[in-house]
């Protein structure tokens, strides 16, 4: 049975998806209009061929983004109105664990399944679109390895946060949302420090910048703005990033 809340949800989802799809369509139209003409500012810097390749890449990526919008909306409907989230909840409740551990199991299951549902799109994006334009040099073995590492990192960070959030909801009553928000903001601030120090090296290699002129320019820019660094590094590429 479709409730008023379900109808409101469907309306909001349709509106959001429709607007984003329309904006992407406008972007594609703008790219097509100018794809054969190098902007005046870049004449002499970018060749006609490079400009057309860039436009073709942008069109392909935007078209893929539209497809992801539709697929994402359908998956969200599967989770909600389709009842998949409720099925997972009932499956874990059948084990008769406490509400706390059941909640953790349901949310972790939701996160894992959502990641797996999105994986085929990531694979297509990396090994079809990015490879088509020469941007992907990641072998399948490294892609799988990085995916598994990101999954592990996500579990290590996510499970304690979910557990703490559920504990706060249970024991802080009406102001639980405030405490959860404070914890969430604290984790975000901590990650800004921890990511380049501990997480990024799991997926990337960092080499000191060898271009001394560029290095001096970057350091001068940092100093002018009141910042300092412990070194300027060049990072290699990987698909998995946050």
Q) Of the residues 91, 29, 56, which single one is more than 24 Å from the chain's Cα centre (by Cα), more than 30 Å from residue 168 (Cα to Cα) and at pLDDT 95 or above? A) 29
Q | Candidates 220, 194 - the one that is within 22 Å of the chain's Cα centre (by Cα) and either more than 30 Å from residue 100 (Cα to Cα) or part of a helix (DSSP H, G or I) (or both) | A | 194
Q.
Among the residues of segment 31-43, are any within 22 Å of residue 125 (Cα to Cα) and either touching a strand residue (DSSP E or B) at 6+ places or on another chain (Cβ under 6 Å) or assigned to a helix (DSSP H, G or I) (or both)?
A. yes
Q: Kindly indicate whether residue 118 is surrounded by fewer than 16 Cβ atoms within 10 Å (Cβ to Cβ), at pLDDT 95 or above and in a helix (DSSP H, G or I).
A: yes
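Which is farther than 23 Å from residue 116 by Cβ and surrounded by 14 or more Cβ atoms within 10 Å (Cβ to Cβ), of 190, 168?
Values: 190 fails: surrounded by 14 or more Cβ atoms within 10 Å (Cβ to Cβ).
Exactly one of 190, 168 is farther than 23 Å from residue 116 by Cβ and surrounded by 14 or more Cβ atoms within 10 Å (Cβ to Cβ), namely 168.
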Q) Tell me, which residue of segment 121-134 that is without any contact (Cβ under 8 Å) to a residue 60 or more places away in the chain and exposed (fewer than 13 other Cβ atoms within 10 Å of the Cβ) is nearest to residue 66 (Cα to Cα)? A) 128
Q: Please go through segment 146-184 and pick out each residue that is without any contact (Cβ under 8 Å) to a residue 60 or more places away in the chain, more than 19 Å from residue 105 (Cα to Cα) and under 18 Å from the mean Cα position of the chain (by Cα).
A: 148, 184
(Q) Considering only residues that are loosely packed, with under 15 Cβ neighbours inside 10 Å, in contact with a helix residue (DSSP H, G or I) (Cβ under 8 Å, 6 or more places away or on another chain) and either assigned to a helix (DSSP H, G or I) or touching a residue at least 40 places away in the same chain (Cβ under 8 Å) (or both), which ones fall in segment 95-113? (A) 99, 100, 112
Q | Test: residue 142 is touching a residue at least 24 places away in the same chain (Cβ under 8 Å), assigned to a helix (DSSP H, G or I), in contact with a helix residue (DSSP H, G or I) (Cβ under 9 Å, 6 or more places away or on another chain) and surrounded by 13 or more Cβ atoms within 10 Å (Cβ to Cβ) | A | no
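The values are calculated or read from the model by the stated rules, or taken from the named source; none is laboratory data. Everything numeric in this text was worked out from a predicted model, so none of it was measured. Positions of Cβ are backbone-derived with ideal geometry, glycine not excepted, and every protein chain shown enters the neighbour counts.
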